[in-house]
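Notes for the one structure printed next.
Nothing in this text is a laboratory measurement; each read-out follows from the coordinates by a stated rule. This one's a predicted model, so the numbers in the text were calculated from it and none came from an experiment. Cβ atoms come from the backbone with ideal geometry, glycine included; neighbour counts cover every protein chain shown.
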Amino acid sequence: AGGGCQPLWSNHGKELSYLTLSGKMMAVDVKAGAAIETSLPRELFAVPLRVDPILSQYAVTADGRKFFVLESLDEGPIP
């Protein structure tokens, strides 16, 4: 609905997490069947970085309980 980037599937394949350009970590539940169904997006937390739609700026642990997010060291423009 609001768009996003850097999507990552959970290990069990039932959840998709992604970042919004405004710096929010979001997730949707996904059900596969005759048609793919998704839940409404839910905000998990805000991230302390400028989101770059091309780079991978986070990772999720195998159990899906922890997120590792890169920190921005430079406040200059993204090249």
Notebook entry, point to check: Each residue of region 24-40 in order: what ³J(HN,Hα) in whole Hz does its phi give by Karplus 6.51 cos²θ - 1.76 cosθ + 1.60, θ = phi - 60°, with x for Gly and Pro?
Noted result: 10, 7, 10, 8, 10, 7, 10, 10, 9, x, 4, 9, 7, 10, 10, 6, 5
Check: Hey, rough spin-label estimate for residue 71 and residue 59, points 7 angstrom out along Cα→Cβ, what's it come to in nanometres?
Finding: 1.8 nm
